[in-house]
1. Work out, step by step, the length gained on full extension between residue 124 and residue 87: first 0.36 nm times the residue separation, then minus their alpha carbon distance; give nm to one decimal.
2. At residue 173 and residue 94, where each label point lies 7 Å from the Cα along Cα→Cβ, what is the point-to-point distance in nanometres?
3. If each of residue 102 and residue 141 carries a label point 7 Å out from its Cα toward its Cβ, how far apart are those two points in nm?
Amino acid sequence: MRKLLIQMVAVAVSAGLMTACSAGAGGGQPTSSAPSATSSAPSATSTGTATPSDTTAPDTETSVPAPAPPAPTGPPAGPGAGNAELAIMVKPSDTEAALSYTLVCQGGVPSAESKHPGAEAACSALKENPSILSPSTKNTAQACTEQYGGPQTATVTGIVDDTPVDATFARTNGCEISAWNTAQPVLGSSGGAA
């Protein structure tokens, strides 16, 4: 009985809150804060221009939800500054040891710190299109061809043009093979079939 009484009180409070939140006695229509007809506010002219009373108040609620925030993205497509500090690990297969590279680029040119088999090509590719390390098919419902390109996997972490990068690559379907082939200069010449 006590539980039923608590539920009834909760329903009554909810109904009271709903009434307090409604727009008023105007049949669910928002109330207007427009000046009355006797005020000196401007009215519509014969040309049909709107008056302040014809606009919705800025704090009026609408039924349209707010837009979702944009999804986090990687580096933008197109030419970049060509600056990068990356750690690259490529695993040719489950039975082979992983290969690790370091790639440091300044203005699209590799620095002396780079330990990468194709540093010039990798830095140039990152300057031309820094988004090659942000495959667009990750976490999407895009249909990919069911084909197998090999057991290779790769991980690339670091920064490209002041944007953090944490990308994984594989060759287990058509989309992943395409992303691998696009990032091939950065993954290194021994990163698998092209």
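1. Between residue 124 and residue 87, full extension yields 11.6 nm more.
2. About 2.0 nm separates the two model spin labels.
3. For the pair residue 102/residue 141, the computed spacing is 4.5 nm.
None of the figures in this text is laboratory data; all of them are computed from the coordinates on show. Treat the numbers as computed from the prediction; the structure is a model and nothing was measured. No Cβ is skipped: glycine too gets one built from the backbone with ideal geometry, and neighbour counts run over all protein chains shown.
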